[in-house]
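Just below is one structure, and these are the notes that go with it.
The values are calculated or read from the model by the stated rules, or taken from the named source; none is laboratory data. Keep in mind it's a predicted model, so treat the numbers as computed, not measured. Neighbour counts are summed over all protein chains in view; Cβ atoms, including those assigned to glycine, are modelled from backbone coordinates with ideal geometry.
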Amino acid sequence: MSEKKIVFLDVDGTLIDYEAKMPESAGRAVDQARANGHLVYICTGCSKAEIEQRELCELDGMIGGNGAYVEDHGEVVMHQGLPVEDVRHIVDWCNQRHLGFYLEANSGMYCNDYMIEQGPATMVKYAQGKGASADQAQASASSFVNSFIHLPTEQLYRDDINKISFILSSYQDHLDSRTEFPHLIANTWGGKDEQALFGDLSPMGITKKNAIDVLLKHLNADVKDTIAFGDAKIDISMFEICGYSVAMGNAGQETKEAADYVTTDVNEDGIWNAFRHLGLI
């Protein structure tokens, strides 16, 4: 692949491991690919504020909020958030159910009282489910929860929110969210199907696939020159639009089957090995 390519990297489990650390080889691979003239973007469910807390390599831009936010070399190409009326409704609905939640904005991650109580144990489960040891999971959970800005309810009715994630006391909370908010996209994460730990709500029409299409139009680029990397089911929408797709070795089976190529695990030089295989470096 000698032509100039546009690479889209998922973050958690792809560019960084489940302890939020980027392997040295991954940073080196991205640096070399960019030096060779390729463009490298992250494409993630995280908000910009969450990404800015991570120690990542230099990039050409980002797609955040699972497609709600698109940035190219510092220029905001698209930003489609939740209307404040929906934010108010979701905040009140979660509080009535005593569910911990956090609001994801480019300016920060804002949480309620219940998230402070329920978040640490839930994030430990999430990290352990991804293969972290008990100590690693505890450290990862503490770091994540400490990144929240804890606000009283009246200050959570914000107009700059990309999406809202909430802890599931049971899978029924997710099913009820679909009924309560039929005009929004309701997803789950942190476990497969009924084992999911979190639900989330975002504006209709927001997908990684749509955001990539928006960015390609902005760049006046051809989809055949794109490569997507991911490790989770939500990344399959990226695979569907991009010219070539790579699943990490630590990806789930469904994600691997949807990809053109499967590399090694994130902590086994997965990015470096795939970039070499594809001739990006």
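General remarks:
- Lone unmet requirement of (1) farther than 21 Å from residue 144 by Cα; (2) touching a residue at least 12 places away in the same chain (Cβ under 8 Å); (3) not small (Gly, Ala, Ser) for residue 14: (1)
- Restricting the first member to region 162-190 and to residues that are in contact (Cβ under 8 Å) with a residue 60 or more places away in the chain, and the second to residues that are part of a loop (DSSP other than H, G, I, E, B) and β-branched (Val, Ile, Thr), the beta-carbon pairs closer than 9 Å and six or more apart or on different chains are 162/206; 163/206.
- Within the span defined as region 168-180, one or more residues are touching a His at 6+ places or on another chain (Cβ under 9 Å), more than 17 Å from residue 83 (Cα to Cα) and at pLDDT 90 or above.
- Within region 251-266, residues that are assigned to a helix (DSSP H, G or I) sit with their Cβ atoms under 8 Å from residues that are of a type in the set (D, E, K, R) and crowded, with 21+ Cβ neighbours inside 10 Å, at 6+ positions apart or across chains, in these pairs: 255/231; 255/235; 266/17; 266/231.
- Test for residue 157: is it outside the structural domain of residue 265 (by TED's automatic domain parsing) and assigned to a loop (DSSP other than H, G, I, E, B): yes
- Top-ranked residue in region 237-260 [being among the aliphatic types (A, V, I, L, M) and in contact with a Ser or Thr (Cβ under 6 Å, 6 or more places away or on another chain); ranked as surrounded by the fewest Cβ atoms within 10 Å (Cβ to Cβ)]: 259
- Residue 108 being modelled with pLDDT under 95, of a type in the set (Gly, Ala, Ser) and surrounded by fewer than 18 Cβ atoms within 10 Å (Cβ to Cβ): no
- Residues satisfying the criterion are absent from region 196-216 (criterion: acidic (Asp, Glu), in the same structural domain as residue 118 (by TED's automatic domain parsing) and not in a strand (DSSP E or B)).
- Region 72-82 - residue that is without any contact (Cβ under 8 Å) to a residue 24 or more places away in the chain and assigned to a loop (DSSP other than H, G, I, E, B) and, of those, surrounded by the fewest Cβ atoms within 10 Å (Cβ to Cβ): 74
- Top-ranked residue of region 241-254 - restricted to ones that are modelled with pLDDT under 95 and under 17 Å from the mean Cα position of the chain (by Cα), ranked as farthest from residue 32 (Cα to Cα): 252
- Only listed residue being out of contact with any Gly (no Cβ under 6 Å at 6 or more places or on another chain) and under 24 Å from residue 122 (Cα atoms), chosen from 165, 177: 165
- Scanning region 217-237 for residues being over 14 Å from residue 257 (Cα atoms), part of a helix (DSSP H, G or I) and touching a Gly at 6+ places or on another chain (Cβ under 8 Å) gives a total of 3.
- Breaking point among (1) over 28 Å from residue 180 (Cα atoms); (2) at pLDDT 95 or above; (3) more than 14 Å from the chain's Cα centre (by Cα), for residue 100: (1)
- Within the set 69, 126, 41, 102, the sole residue that is touching an Asp or Glu at 6+ places or on another chain (Cβ under 9 Å) and either in the same structural domain as residue 270 (by TED's automatic domain parsing) or surrounded by 19 or more Cβ atoms within 10 Å (Cβ to Cβ) (or both) turns out to be 41.
- Screening the candidates 100, 81, 67 for the property of being in contact with a strand residue (DSSP E or B) (Cβ under 9 Å, 6 or more places away or on another chain) and under 30 Å from residue 133 (Cα atoms) yields one hit, 100.
- Odd one out for residue 156 among (1) surrounded by 15 or more Cβ atoms within 10 Å (Cβ to Cβ); (2) within 17 Å of residue 199 (Cα to Cα): (2)
- Filtered by the rule that a residue be more than 13 Å from the chain's Cα centre (by Cα), over 19 Å from residue 147 (Cβ atoms) and either outside any strand (DSSP E or B) or among the aliphatic types (A, V, I, L, M) (or both), region 36-69 gives 36, 37, 38, 39, 40, 57, 58, 59, 60.
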